[in-house]
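The values are calculated or read from the model by the stated rules, or taken from the named source; none is laboratory data. Computed from a predicted structure; not experimentally measured. Positions of Cβ are generated from backbone atoms using ideal geometry, with glycine treated the same way; all protein chains shown enter the neighbour counts. With ligands, DNA and RNA removed, areas are computed over all heavy atoms of the protein, side chains included. Shrake-Rupley method; radii C 1.70, N 1.55, O 1.52, S 1.80 Å.
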Amino acid sequence: MSKNGQIYRISGPVVTAIGLDAKMYDVVRVGDEGLMGEVIELHGEKAVIQVYEDTSGVRPGEPVTNTGQTLSVQLGPGLLTQIYDGIQRPLPILLEKMGTFITRGVDADGLDQEKKWTFEATAKKGDKVEGGQVIGTVQETETIVHKIMIPPNMNGTIKSIKGGDYTVSETVCVLDDGTEIAMMQRWPVRAPRPYKQKYAPDTPLVTGMRILDFLFPLAKGGAAGIPGPFGSGKTVTQQSLAKYSDAQIVVYIGCGERGNEMTEVLDEFPELIDPNTGKPLMNRTVMIANTSNMPVAAREASVYTGITIAEYFRDMGYDVALMADSTSRWAEAMREISSRLEEMPGEEGYPAYLSSRLAEFYERAGRVETLEGEDGSVTVIGAVSPPGGDISEPVSQGTLRIVKVFWGLDAPLARQRHFPAINWLNSYSLYPQSLDQWFKDNIASDFPEIRTEISGLLQIEAELQEIVQLVGSDALPVDQQLTLEVARMIREYFLQQNAFHDVDCFTGVEQQYLMAKAILTFQSEAKSAIEAGGMLEDVVNVPARSNLMRARFEDNYLNRIEGLVAEMTKEIAAAAEEN
Amino acid sequence: MAGKEYRTITDVKGPLVFLNKTEPVAFGEIVELRLNDGSMKNGQVLDTSDDLVVVQVFEGTAGVDRTTGVKFLGDVFKLPVSKDLIGRILDGAGRPRDGGPEIIAEGKADIIGAAINPYARQSPHDFIQTGISAIDCCTTLVRGQKLPIFSASGLPHNDIALQIARQAKLTASDEEFIVVFCAMGITAEEYNFFRSDLERTGALENAVLFVNLADDPAVERLITPRLALTAAEYLAFEQDYHVLVIYTDVTNYCDALRQIGAAREEVPGRRGYPGYMYTDLAMLYERAGLVKGKKGSITQFPILTMPGDDITHPIPDLSGYITEGQIVISRELHGSGIYPPINVLPSLSRLMGGTIGEETTREDHKSVSDQMYAAYAQGRELRGLVAIVGEDALNERDKQLLAFSGLFEDKFLRQGRYEDRSIDETLDLCWELMSTIETKYLVRLDQQWIDKYHPDNKE
């Protein structure tokens, strides 16, 4: 049987071939220029192909060749610090081969095939090995040790293995059945990589953002959605997470977003220092950039490319965080392709399988026991860009049904320059129950109670604000006025955080706890001072309180909080006595 | 194969022509139609297969019948590019409209335009002074940015765009901008307004105009901005110019897109606009920026009118997700006689933070702009409250903020159509206005800038 076919029809990124012997999801080369495509539908003799590059100028009758492989990525040393397009072509290589603009018909390996890596064998001759087992290591970047694993679905006894300098495709290990194993393996992006079992998450992903860690924590291995209208700070939030979260590996997917934003990340990350290791952030980062004007089919593939790379690092026993900005653009790519296929649309023109695709994607997150028996996790944080900021649309709804953490960005807050503009009234996290033990063990035994009190105060504030809108705050009784003042302190001192400030950008959980405690101390001290006859105005305006609040922008705040709080307590008591 | 004429049209529907059985025709290929009366039309292949070819006719299908001759020209749409483009006026399909000669091409460029490799981009950081206080202070324009004006019918967005075109300059160097102006479905009157203004100020010599007017074929509108951006790319990245692209009105462009989508019986997305409108708009907006190793730049200033003043309408909404901010024109401010009626509250420049400061504008810029914004926002909010409880119920701080919001509009926003304020003048004006508020209420200002710039301390 011949594997070659001919183009029958071209309609934008969708090409129909005739006479092609193909299976679903086979990767094919289309036309004289050999554009990369993937078979997405079979109709009798005809195969429908989505093409990852621009199809202008391609004619019916040109050849289509089947590579016989499904869309897969190259996995091995060289992934970290790299920036790829949606189908794992390194952008620096494309720049070299094509110049400033991305043209087409150029193929590029995901991993550098020339570079030699120093492989240290950890397994030895005669060892019985199974898929997923680590047989050696490579120091890939300063901070990350890349573990070389037997590809899943493979096993045997090692006949020979030898350390030394190798390229990624050279054989480092031979099994007794003659199978040669190189450092590089391939994996089809649409298939989840195997693991032994999934665990319930029990450790928080510490992000350093107070509102997230303290009020709406995300677990390592969990999934979160960040919906928000344009200008509400989705990208800044995603980038902060990529910078400061305590994952060991970060995969950042710029899916259908702005070119300049990716450039900014590229400029910034090599300069930024990872607070957890003290080394440049780039060392732990893999980036995928398929900007809004790059081909849609590659955009559709980009999230799969990203998550497969994330799973691969998870299989080494790392905690991986994956940011996808934005999943709405991915969904739109699905919609565009679906409409070219003339499929019956579901809601708002999206394909009927939208929600199941979303679910499948988020389900690839999780904390697992790897094939080797290690603990690894993939945490997925997906930005959603709902049209008009209205989250009743299908992508937001499909996402919310699956994720357990919802960080709702809010245009009015952004307009008040309250950043991060995460609405504390409608956001939620379903993880506190599973994470509270961790917080109790590692931070403080009353951590959950403090959290409940803080969020309770915010809730009360919302109710009081409704009254204030009508009658003004002076009409409220003094104790309620104090509550408003405390809530304002929560908002301005605790929830607002400057992502661009050297110190304020990251707050450890312990400090978050102390800051929350400081607010509650202020509340109780002010309350007793007022009961003792102090004037509200005097009590809340003690200078030590603004010192306490302002000092969070200074270094070493963690160790100074207690002193500052004691000062404040003293001044409040003094304010009461003056009367 | 080019040269063979087919007479195999089976269907004509709206702007689309369907043909049977041709030799293999390329996707995106340019088509010439010869009508029976000898007149010619142009089109482009939208769908091609062994049996059927769909052609979109730019000039509309009036007069086309089944005997119309169709010729495939063997190539995709290309614009002849040359430095001679500067100073010329072309129509929506790139033909001279000013009675001048054909453009002598130094090269031909594919109008679809390839995406810039994100790795090849350079982050934009150069301040463009527009001379309009509201923009320079609050939504700073940066070279290489795409910053649209969100306006609505009946508002003076054209005046603002022209004022920017006249006044825009880089403070870091004295390089001038080349203006590429692209009209999509605007009225002849609006076009004459633009043209005569550019002519009068002499800017026309440094401009390229692509003009598709309201009575020109709607389908042609789909290629007009692509021609303009192709010209811009050539001038910026081959000829080292700094190019300012102004295109108006994106709403007309999107409506043309919808028209084609409907004719092709595509599944519509929101409000009947095609599902791929985001990608399509991105392919225009993303053709802005700076690239490593090239001197020139493209800054985009698209204008769109929000149907029904609705910022959640798909056109402004999708645009806002792609562009790097927006300048929102307010009917309310316009109604109170303020020009330029820019509402700074929903306006935003995403590239501002990384640009402003000591080296480009002034050290106090960030602090000042935050404080101006915050004080104005609070003052505006108080107006609502005053309407209910009266001004007497306000405390001292609120009274000052309320008064400030009036001054903000009257002194800071309001300026003449030919008034060109330098960034220093703008920031000094800010300080003057902020000094009407007691310093203790100006919590967003750094003390060091108060010491240095506050009028009380300046003497």
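Suppose the filter is modelled with pLDDT of 95 or more and within 14 Å of chain A (Cβ to nearest Cβ); does B:PRO124 pass it? No.
Residues to consider are B:GLY99, B:GLY107; find the one that is at pLDDT 90 or above, out of contact with any Lys or Arg (no Cβ under 8 Å at 6 or more places or on another chain) and under 28 Å from A:LEU94 (Cβ atoms). Just a single option satisfies the conditions, and that option is B:GLY107. The residue of the range B:100-110 that is most open to solvent (accessible area, probe 1.4 Å), among those that are of a type in the set (A, V, I, L, M) and more than 14 Å from chain A (Cβ to nearest Cβ), is B:ILE104. Within the set A:THR263, A:THR285, the sole residue that is touching a residue at least 24 places away in the same chain (Cβ under 8 Å), touching a helix residue (DSSP H, G or I) at 6+ places or on another chain (Cβ under 9 Å) and polar (S, T, N, Q) turns out to be A:THR285. Of the candidates B:ARG221, B:ARG200, the single residue that is more than 13 Å from every other protein chain (Cβ to nearest Cβ), among the basic types (Lys, Arg) and buried (at least 24 other Cβ atoms within 10 Å of the Cβ) is B:ARG221. Scanning the range B:288-298 for residues that are under 29 Å from B:GLY60 (Cβ atoms), surrounded by 24 or more Cβ atoms within 10 Å (Cβ to Cβ) and not hydroxyl-bearing (Ser, Thr, Tyr) turns up nothing. Inclusion of A:MET154 among residues that are of a type in the set (A, V, I, L, M), within 14 Å of chain B (Cβ to nearest Cβ), crowded, with 17+ Cβ neighbours inside 10 Å and without any contact (Cβ under 8 Å) to a residue 60 or more places away in the chain is not warranted. Scanning the range A:157-202 for residues that are open to solvent by 60 Å² or more (accessible area, probe 1.4 Å) and assigned to a strand (DSSP E or B) yields A:LYS159, A:ASP165, A:GLU180, A:ARG186, A:GLN197, A:LYS198, A:TYR199.
Could you tell me which residue of the range A:350-366 is most open to solvent (accessible area, probe 1.4 Å), considering only residues that are among the hydrophobic types (A, V, I, L, M, F, W, C) and within 14 Å of another protein chain (Cβ to nearest Cβ)? Restricting to residues being among the hydrophobic types (A, V, I, L, M, F, W, C) and within 14 Å of another protein chain (Cβ to nearest Cβ), the top hit is A:ALA352.
Number of residues in the range B:113-157 that are of a type outside the set (Gly, Ala, Ser), in contact (Cβ under 8 Å) with a residue 24 or more places away in the chain and open to solvent by 20 Å² or more (accessible area, probe 1.4 Å): the value is 4. Taken over the range B:323-337, the criterion of being charged (D, E, K, R) and either without any contact (Cβ under 8 Å) to a residue 60 or more places away in the chain or loosely packed, with under 12 Cβ neighbours inside 10 Å (or both) is satisfied by B:GLU332 alone. Applying the set (1) in contact with a Ser or Thr (Cβ under 6 Å, 6 or more places away or on another chain); (2) within 13 Å of chain B (Cβ to nearest Cβ); (3) in contact (Cβ under 8 Å) with a residue 40 or more places away in the chain; (4) open to solvent by 10 Å² or more (accessible area, probe 1.4 Å) to A:ARG104 leaves exactly one unmet item: (1). So is A:GLY254 part of a loop (DSSP other than H, G, I, E, B), touching a Pro at 6+ places or on another chain (Cβ under 9 Å) and more than 26 Å from A:PHE494 (Cβ to Cβ) or not? So A:GLY254 does not fit the description; no. If you go through the range B:57-99 and keep only what is open to solvent by less than 10 Å² (accessible area, probe 1.4 Å) and touching a helix residue (DSSP H, G or I) at 6+ places or on another chain (Cβ under 7 Å), you end up with B:VAL57, B:PHE58, B:LEU79, B:VAL81, B:LEU85, B:GLY92. If B:HIS242 satisfies all but one of (1) buried (at least 18 other Cβ atoms within 10 Å of the Cβ); (2) of a type outside the set (Val, Ile, Thr); (3) under 28 Å from A:VAL395 (Cβ atoms), what's the number of the condition it fails? Answer for B:HIS242: the failing condition is (3).
Across the range B:165-184, a minimum of one residue is classified as within 20 Å of B:TYR418 (Cα to Cα) and in contact with a Gly (Cβ under 7 Å, 6 or more places away or on another chain). Evaluating A:TYR493 against the criteria (1) in contact with a helix residue (DSSP H, G or I) (Cβ under 6 Å, 6 or more places away or on another chain); (2) farther than 28 Å from B:ASP392 by Cα; (3) not in a helix (DSSP H, G or I) leaves one unmet condition, (3).
Yes/no matrix, rows are residues, columns are (1) closer than 27 Å to A:VAL206 by Cα; (2) of a type outside the set (A, V, I, L, M, F, W, C); (3) in contact with a strand residue (DSSP E or B) (Cβ under 6 Å, 6 or more places away or on another chain); (4) surrounded by fewer than 21 Cβ atoms within 10 Å (Cβ to Cβ):
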| residue | (1), (2), (3), (4) |
| --- | --- |
| A:GLU463 | no, yes, no, yes |
| A:ASN498 | yes, yes, no, yes |
| A:SER528 | no, yes, no, yes |
| A:ALA532 | no, no, no, yes |
| A:VAL565 | yes, no, no, no |
| A:GLU571 | no, yes, no, yes |
| A:GLU578 | no, yes, no, yes |
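Of all the listed residues (A:ASN260, A:ASN283), the sole one being part of a helix (DSSP H, G or I) and either farther than 24 Å from B:LEU290 by Cβ or away from chain B (no Cβ under 12 Å) (or both) is A:ASN283.
Selection over the range A:1-39 of residues that are within 13 Å of chain B (Cβ to nearest Cβ) and more than 12 Å from A:GLY61 (Cα to Cα) gives a count of 6. The number of residues in the range B:21-78 being more than 21 Å from A:ARG59 (Cα to Cα) and among the aliphatic types (A, V, I, L, M) comes to 4. Checked against (1) open to solvent by less than 50 Å² (accessible area, probe 1.4 Å); (2) in contact with an Asp or Glu (Cβ under 7 Å, 6 or more places away or on another chain), A:TYR25 meets all criteria but (1). When the range A:40-70 is limited to residues that are closer than 17 Å to A:ALA333 by Cα and open to solvent by less than 20 Å² (accessible area, probe 1.4 Å), the one that is nearest to the other protein chains (Cβ to nearest Cβ) turns out to be A:THR55.
Conditions tested, residue by residue: (1) closer than 23 Å to A:LEU42 by Cα; (2) more than 14 Å from chain B (Cβ to nearest Cβ).
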| position | (1), (2) |
| --- | --- |
| A:VAL296 | yes, no |
| A:MET316 | no, yes |
| A:SER339 | yes, no |
| A:GLU348 | no, no |
| A:VAL368 | no, yes |
| A:LEU371 | no, yes |
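Residues in the range B:252-284 that are more than 8 Å from chain A (Cβ to nearest Cβ) and within 30 Å of B:LEU235 (Cα to Cα): B:ASN252, B:TYR253, B:CYS254, B:ASP255, B:ALA256, B:LEU257, B:MET277, B:ASP280, B:LEU281, B:LEU284.
For the range B:304-343, a tally of residues being within 11 Å of chain A (Cβ to nearest Cβ), out of contact with any helix residue (DSSP H, G or I) (no Cβ under 8 Å at 6 or more places or on another chain) and not in a helix (DSSP H, G or I) returns 2.
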